[in-house]
1. Calculate, for Val28 and Lys54, the FRET efficiency according to 1/(1 + (r/R0)^6) with r their C-beta to C-beta distance and R0 41 Å; round to the nearest 0.05.
2. Report Rg (one decimal) and Dmax (nearest whole number) for region 19-84, counting Cα atoms only, units Å.
3. What spacing in nm lies between the two simple spin-label points modelled at Arg82 and Glu62, each 7 Å away from Cα in the Cβ direction?
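Here, each number is a calculation from the coordinates, and none is a lab measurement. Please read all numbers here as calculations on a predicted model, not as lab measurements. FYI the Cβ positions are ideal-geometry reconstructions off the backbone, even for glycines, and counts take in every protein chain you see.
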Amino acid sequence: MGRKNGAVEFDEGAPDDFDPSNPYKDPVAMLEMREHLVREKWIQIEKAKILRDKVKWCYRVEGVNHLQKCRHLVREYLDSTRGIGWGKDHRPPSLHGPKVEEVEAE
């Protein structure tokens with residue numbers, strides 16, 4: 001983190017020295033990695049909240065035509081909510097509905 005030309009820069013990436021095979025080797029890198037993962041989860045959650053508000057607004061504005069007019073927003077919202085569970089219900093992340101990556105058709 002530092003300043004250049006009056007703007008603040010943040011290190012948004014994962015720590016370079018984190019070793020996933022031996023995470024306790026460097027405790028500082030382990031904590032930085034944990035903070036990075038939590039920060040990324042919160043970003044995904046906030047994006048989903050913004051999309052949820054857009055869907056609510058679209059439903060109110062479009063009325064009875066919301067099924068056709070808001071479909072793209074609903075799909076985007078549902079895609080954004082897949083795989084962002086915190087796991088407080090003791091389910092593994094694989095059961096939270098992982099994000100489905102689209103495969104290009106040939």
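1. Calculated transfer efficiency: 0.55.
2. Both quantities, over Cα of region 19-84: 18.3, 58 Å.
3. Taking the simple label geometry, Arg82 and Glu62 are separated by 2.0 nm.
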